[in-house]
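Have a look at the structure below before the remarks.
The values are calculated or read from the model by the stated rules, or taken from the named source; none is laboratory data. On a predicted model such as this, the values are computed, not experimentally measured, just so you know. Virtual Cβ from ideal backbone geometry, glycine too; neighbours counted across all protein chains shown. Quick note on the areas: whole protein, heavy atoms, side chains included, nothing else; ligands and nucleic acids left out. Shrake-Rupley method; radii C 1.70, N 1.55, O 1.52, S 1.80 Å.
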Amino acid sequence: RELTLKCSKGNIFCRVSSELASDAVQFGQSLGTAMVEAVAAGLDYAFFWGTGVGQPFGVMSSPALITVSKEGSQAADTLQLENLAKMAARLSPASFARSFWHVHPTLVPQLYLMSFVVKNVAGTENVGGSHVQAVTVDASGQLRIFGRPCLVTDACAPVGDLGDIVLADWSRYVIGMRQVVTIKRDESRYFDTDEIAFKLTLRTTGMPADSTPTKLRDGTNTVSPFVTLEAR
């Protein structure tokens, strides 16, 4: 489909004393790094939750997003293995190799402690359990779910809320950058107070490439590059 990207301007402004700017070791470099990291964190959140008005259009606002239902008997603020399996089943087949799981920090303990309950034939009694191989940690310490990387970020919602876990293929998210990040320094604006102004500016936007979920060849089931779990 044809997409129209309308970039919005973003700024970070701060003022510091001339003494701090001159006395602190590599102050300009440290401040620039902090400002860029702040912008990155803000864009991460916008790519998830942005409304598209004066900011990027986030995946959680997109009609292409698929929200998987919780289990019928699922307790509040919990995550079950069935949730993960059903989310993976709704991911577009072409997105499997490019997908990432995203979870809020408050959901991490449940991932580490997740276990598989073994029931009797009738399904009426728990008779055992075992470690779930669906959730693993690789040699570098990277948390993985079903083999795909799992990123911990507070851009997701807290545990139990819609968006506390998201499975996404970001290659299906379009980002427009009309102006790369620039940082300017002005020593004249606050000449009377002997302060220096720093301003970071960029112009950017983003939106999902897909406008709706994709219907599979069977004509019934739908999949998407962006999948989340409903509130519990």
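Annotations for the structure displayed:
- 1.4 Å probe accessible area per residue over segment 1-123, in Å²: 57 Å²
- Ranking by accessible area, most exposed first, for ARG178, ARG172 with a 1.4 Å probe: ARG178, ARG172
- CD proxy at 222 nm, helix term only [per DSSP H run n ≥ 4: -39500 (n - 2.57); per residue of the chain; nearest 500]: -5500 deg cm²/dmol
- Per-atom-type breakdown for segment 142-223 gives carbon and sulfur 49% of the accessible area (1.4 Å probe, protein chains only).
- Near CYS7, no amide H atom lies under 5 Å from its own; only residues 5 or more places off or on other chains count, and H is placed 1.01 Å from N.
- Listed residue pairs exceeding 25 Å between alpha carbons, taken from LYS6/LYS215; LYS6/LYS86; LYS9/LYS184; LYS70/LYS119: LYS6/LYS215; LYS6/LYS86
- In Å², nearest 10: area of LEU202 left accessible to a 1.4 Å probe: 10 Å²
- Coordinate range along principal axes, alpha carbons of segment 1-111, Å, largest first: 62, 42, 27
- For the chain, the longest principal axis of the Cα atoms and the long axis of helix 27-49 meet at an angle of about 40 degrees.
- Stretch in the chain that is longest and holds no GluC sites (Glu not before Pro) that DSSP places in a loop and that have at most 16 other beta carbons within 10 Å: 3-70
- Ordered by 1.4 Å accessible area with all protein chains kept, ARG15, ARG203, ARG189, ARG217 run largest first as ARG217, ARG189, ARG15, ARG203.
- Of the whole protein surface, ILE66 contributes about 10 Å² of accessible area at a 1.4 Å probe radius.
- Note on exposure: THR4, THR201 ranked by accessible area (1.4 Å probe, complete protein assembly) read THR4, THR201, with the most exposed listed first.
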